[in-house]
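Enquirer: Got a structure for you, questions after.
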Amino acid sequence: MCPQVPLAEDDPRQAEVVRRYLAADGHEALVVPDGRTALAEARRWQPALVVLDVMMPGLDGLHVCRTLREESDVLVLMLTARTAEEDLLLGLELGADDYLTKPYSPRELMARVRTLLRRASRGAPAPAGPGLRRIGRIGVDPALHQVTVGDEPVECTRGEFAILAAMAEQPDRVFTRAQLLHHTRGIDRSSTERTIDVHVMNLRRKIEADPQKPVHLLTVYGVGYKLAAESQ
């Protein structure tokens with residue numbers, strides 16, 4: 001098997017380096033220089049994963065990510081020179097499964113690609129056992145991949161759902177960021193633990209009445225996060 005991986009990167013030198021790494025790892029890299037071509041190739045090949053640079057001519061990576069997420073469950077790895085929290089939050093909110101900030105190591109990129117593809121091949125992780133989990137007004141159904149607040153459904157990305165499902169399995173347990181990374185990506189890398197913080201911020205916007213004063217998804221300072229029926 002030689003999985004196709006569309007790579008949208010408008011810097012030819014950077015694209016060639018990544019293409020060689022992907023080829024060495026057994027992938028057929030489809031290098032494209034802009035967002036419109038990336039979208040067309042993703043629709044044509046229907047790959048398991050797409051690597052998108054945020055800053056591209058024509059359609060930018062965020063627009064492409066939004067469109068892909070509306071059309072399919074393809075995994076999306078974003079490459080971005082932006083480090084502002086709002087930019088990272090936006091990318092994950094649009095459905096990106098992971099991101100790397102530039103400059104990055106090609107080896108680190110390949111580690112992320114392998115991890116995401118392994119997850120795709122075995123299916124998204126879910127807590128053991130069937131049935132709806134209810135923590136206060138929050139409902140999490142692993143079988144239906146559904147989250148509700150009260151009776152209202154809430155749309156969550158795969159990363160957000162994986163975090164919430166893991167925490168709903170053990171309410172009031174404090175999870176470290178590394179433990180939550182294991183549930184979302186199957187890998188513990190301290191350099192990517194900030195991803196968990198972004199997912200948590202985004203989840204609070206969706207499940208809390210006041211995201212600035214959460215009563216369910218709580219921070220345990222110096223440790224991590226926990227999901228509680230109500231504020232302690």
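The values are calculated or read from the model by the stated rules, or taken from the named source; none is laboratory data. Keep in mind that this is a model prediction, so the values were computed, not measured. Cβ placement follows ideal geometry from the backbone for every residue including glycine, while neighbour counts extend to all protein chains displayed. Keep in mind that these areas ignore ligands, DNA and RNA; they rest on the heavy atoms of the full protein, side chains included. Shrake-Rupley method; radii C 1.70, N 1.55, O 1.52, S 1.80 Å.
Enquirer: For segment 90-107, what are the residues that are open to solvent by less than 60 Å² (accessible area, probe 1.4 Å) and free of Cβ contacts under 8 Å to residues at least 24 places away in the same chain?
Expert: Filtering segment 90-107 for residues open to solvent by less than 60 Å² (accessible area, probe 1.4 Å) gives 91-92, 94-101, 104-106.
Correct list: LEU100, THR101, SER105.
Enquirer: Note down all Cβ pairs under 9 Å where the first residue falls in segment 5-21 and is on the phi < 0 side of the Ramachandran plot and β-branched (Val, Ile, Thr), the second is in a helix (DSSP H, G or I) and open to solvent by less than 70 Å² (accessible area, probe 1.4 Å), and they're at least six residues apart or on different chains.
Expert: VAL5/LEU22; VAL5/VAL113; VAL5/LEU117; VAL17/PRO106; VAL18/PRO106; VAL18/LEU109; VAL18/MET110
Enquirer: For the condition open to solvent by 20 Å² or more (accessible area, probe 1.4 Å) and under 14 Å from ASP10 (Cα atoms), what is the one hit in ASP53, ASP73, ASP60?
Expert: On the way: ASP53 fails: open to solvent by 20 Å² or more (accessible area, probe 1.4 Å); ASP73 fails: under 14 Å from ASP10 (Cα atoms).
Going through ASP53, ASP73, ASP60 in turn, just one is open to solvent by 20 Å² or more (accessible area, probe 1.4 Å) and under 14 Å from ASP10 (Cα atoms): ASP60.
Enquirer: Ok, one more. Quickly run through segment 25-50 and pick out the residues that are open to solvent by 40 Å² or more (accessible area, probe 1.4 Å), modelled with pLDDT under 90 and either touching a helix residue (DSSP H, G or I) at 6+ places or on another chain (Cβ under 7 Å) or under 18 Å from ARG107 (Cα atoms) (or both).
Expert: ASP25, GLU28, ALA48
Enquirer: Turning to a different aspect of this structure: From the set of residues in segment 142-152 that are of a type outside the set (D, E, K, R) and out of contact with any Gly (no Cβ under 9 Å at 6 or more places or on another chain), which is nearest to LEU181 (Cα to Cα)? Spell out the reasoning first.
Expert: Initially, segment 142-152 is screened for residues of a type outside the set (D, E, K, R), giving 142-150.
Those left that are additionally out of contact with any Gly (no Cβ under 9 Å at 6 or more places or on another chain): 144-145.
On the way: LEU144: 22, HIS145: 19 Å.
For segment 142-152, the residue satisfying everything is HIS145.
Enquirer: To continue, here is another question. Collect the residues in segment 158-173 that are open to solvent by 20 Å² or more (accessible area, probe 1.4 Å) and in contact (Cβ under 8 Å) with a residue 40 or more places away in the chain, keeping them in residue-number order.
Expert: Residues of segment 158-173 open to solvent by 20 Å² or more (accessible area, probe 1.4 Å): 158, 169-173.
Within segment 158-173, ARG158, GLU169, PRO171, ASP172, ARG173 meet the criteria.
Enquirer: Say we look at segment 176-224 and pick out the residues that are small (Gly, Ala, Ser) and touching a Lys or Arg at 6+ places or on another chain (Cβ under 7 Å); which of these is modelled with the highest pLDDT?
Expert: GLY224
Enquirer: Also, quick follow-up: Need the failing condition index for ALA15 against (1) in contact with a strand residue (DSSP E or B) (Cβ under 6 Å, 6 or more places away or on another chain); (2) closer than 24 Å to THR157 by Cβ, just the number.
Expert: For ALA15, the failing item is (2).
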